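Comments concern the structure below.
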Amino acid sequence: MKPKLLNNKDLTLIEGILTRWSGKLTWPAFSEVVARELGRSSISEYTLMSYEPIKQAYRRRKETQRKAKEEATAPLGDVTIDALITENARLREKIVHLQSELKIKEVLWKETFVRWSYNLSQMPEVDMSKLMADVNQPLPATNRDD
């Protein structure tokens, strides 16, 4: 089994980098930015590619960039219209990217809930019927002065 070079916090940071990425996305440029953000001297693109969540997020970001480029129409000559078209394309790209990220997060949360439910059911002193009855109860109010 290969050693894990990146933890879950690193993976979340890397996904954030991809979400904010603008301009041409390449593995060398991406790995350079990731290394800088993680405070490391370098991190190879092959290391990043070995993590399936990173590889999938990278692929989705490339796809959203490609779609945005295809949707942008030819300039019409009016600076205002060109600016609106560019902004529209950028926003469409962001929407598509965020929708795909949301779907992935929903799957991850569902898997986490199922795993936690199973683990709780294996604990000897946990009453699952009581737990499931209380799952929809509101959280108690706290007396915090913010």
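Read the figures in this text as sums done on the coordinates, not as results from a lab. Everything numeric here is computed off the predicted structure, so don't read it as measured data. Reconstructed Cβ throughout: ideal geometry from the backbone, glycine too, with neighbour counts over all protein chains shown.
Dividing the helix sum by the residues of the chain, where each DSSP H run of 4 or more adds -39500 (n - 2.57), gives a mean residue ellipticity at 222 nm of -23000 deg cm²/dmol. The 3J(HN,Hα) values that the Karplus relation (6.51, -1.76, 1.60; θ = phi - 60°) gives for region 34-45 are, in residue order, 4, 4, 5, 5, 7, x, 10, 5, 6, 8, 6, 5 Hz. Gly and Pro appear as x.
Taking the Cα centre of region 8-132 as reference, the dipole from Cβ charges on Lys and Arg (+1) and Asp and Glu (-1) amounts to some 140 debye. Compared with the dominant Cα axis of the chain, that is its longest principal axis, helix 79-121 is turned about 20°. Amide H to amide H distances under 5 Å link ILE43 with ALA35, where only residues 5 or more positions off or on other chains count and H is placed in the peptide plane. Short-range pairs are left out: with C-alpha atoms under 8 Å and at least six residues apart, the relative contact order of the chain is 15 percent.
Just checking the listed ones, LYS110, LYS130, LYS69: in the Gaussian network model of the chain with Cα springs under 10 Å, the one fluctuating most is LYS130. If the segment from SER41 to LYS67 were pulled out straight at 0.36 nm per residue, it would be longer than the present Cα-Cα gap by 6.0 nm. In a Gaussian network model over the chain where Cα atoms closer than 10 Å are linked, find which of PRO53, PRO28, PRO124 has the largest mean-square fluctuation. Among PRO53, PRO28, PRO124, the largest mean-square fluctuation in the Gaussian network model of the chain belongs to PRO124. Against the longest alpha carbon principal axis of the chain, how many degrees, from 0 to 90 and to the nearest 10, is the axis of helix 52-71 turned? Long axis of 52-71 versus the principal axis of the chain: about 40 degrees.
With respect to the chain, whose longest principal axis is taken over its alpha-carbon atoms, helix 8-20 is tilted by about 30°.
Exceedance of the 24 Å cut-off in Cα-Cα distance is limited, within the set LYS9/LYS69; LYS69/LYS105; LYS62/LYS103; LYS55/LYS103, to LYS9/LYS69; LYS69/LYS105.
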